Amino acid sequence: MDLQEDLQEGEMDLQEGDKVRLIIETETGLGYTVLINEEFDGLLFRSEVFQELEENMEVTGYIKNIREDGKIDVSLRPQGFRNVIDSDVDKVLAKLKDSREGFILITDKSSPDSIRFHMKMSKKAFKKAIGNLYKQKRIDIKQDRILLLK
């Protein structure tokens, strides 16, 4: 019985946003094929990956999309606006708290590659996170750095 039939009979109880176990299988042009909860095949797009992955590595993932053809897209990030923002905000705060000087030399003007390298997130995600922190008056955004406010 294939996934298509499973879907039609409603035996697959995965839903978008669910936290799942992923085993990385092979790298493809689009990203990585993964095994979800040791049962279903899925695809992790390259644009969702901000860490080194190896075959047979086990990681936590989230169901991003269950397509009509039965294919499942997964992400390494929690789905849903609030969860994603919170985890990015935590990441930025942790980076600031870990820095001895209380600032990071990355801003919303930094290159996407630099942000991806230093922060392990996309520039868009970074900008949302620092916007959120700025509104909460927890950081100050200077021309060349982001400063943690005490």
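A short reminder: the numbers here are calculations on the coordinates, not readings from a lab. Because the structure is predicted, anything quoted here is derived from the model rather than measured. Heads up, the Cβs are rebuilt from the backbone with ideal geometry, glycines too, and the neighbour counts pull from every protein chain shown.
Side notes on the structure shown:
- Alpha-carbon Debye profile of the chain, log10 I(q)/I(0) at 0.11, 0.18, 0.21 Å⁻¹: -0.51, -1.01, -1.22
- Residues R77, R100, sorted so that the one with the fewest Cβ neighbours within 10 Å comes first: R100, R77
- Around the Cα centre of the chain, unit charges on the Cβ atoms of Lys, Arg, Asp and Glu (plus for the first two, minus for the last two) sum to a dipole of about 2060 debye.
- The chain - mean residue ellipticity at 222 nm from DSSP helices (-39,500 (n - 2.57) per run, n ≥ 4, rounded to 500): -9000 deg cm²/dmol
- Candidate lysines for bridging to K142, where Cα separation is under 23 Å - those fewer than 8 sequence places away on the same chain excluded: K91, K95, K97, K109, K120, K123, K124, K127, K128, K150
- Rounded to the nearest 20 debye, the dipole magnitude of segment 3-75 is 360 debye, with +1 charges on Lys and Arg beta carbons, -1 on Asp and Glu beta carbons, and the Cα centre as origin.
- For segment 3-75, averaging the sequence separation of C-alpha pairs within contact (under 8 Å, six or more residues apart) and dividing by the residue count gives a relative contact order of 34 percent.
- By the beta-carbon count within 10 Å of each Cβ, the least crowded to most crowded order of E48, E27, fewest first, is E27, E48.
- Equivalent-ellipsoid semi-axes for segment 55-135 (Cα gyration tensor, √(5λ), whole Å, largest first): 28, 14, 12.
- The alpha carbon convex hull volume per residue for segment 3-75 rounds to 83 Å³.
- As a calculated quantity, the FRET efficiency between I23 and S114 at R0 = 22 Å, using C-beta atoms, amounts to about 0.10.
- In the chain, a dipole from Cβ-located charges (positive for Lys and Arg, negative for Asp and Glu) runs towards its positive end, and of I24, V92, F40 it is V92 whose Cα lies farthest in that direction.
- Ordering M119, M57 from the fewest to the most neighbouring beta carbons within 10 Å gives M57, M119.
- Given +1 at the Cβ of Lys and Arg, -1 at the Cβ of Asp and Glu and no other charges, the dipole of segment 81-148 around its Cα centre is 160 debye to the nearest 20.
- Nearest-ten-degree value, helix 123-135 long axis tilted from longest Cα axis of the chain: 50
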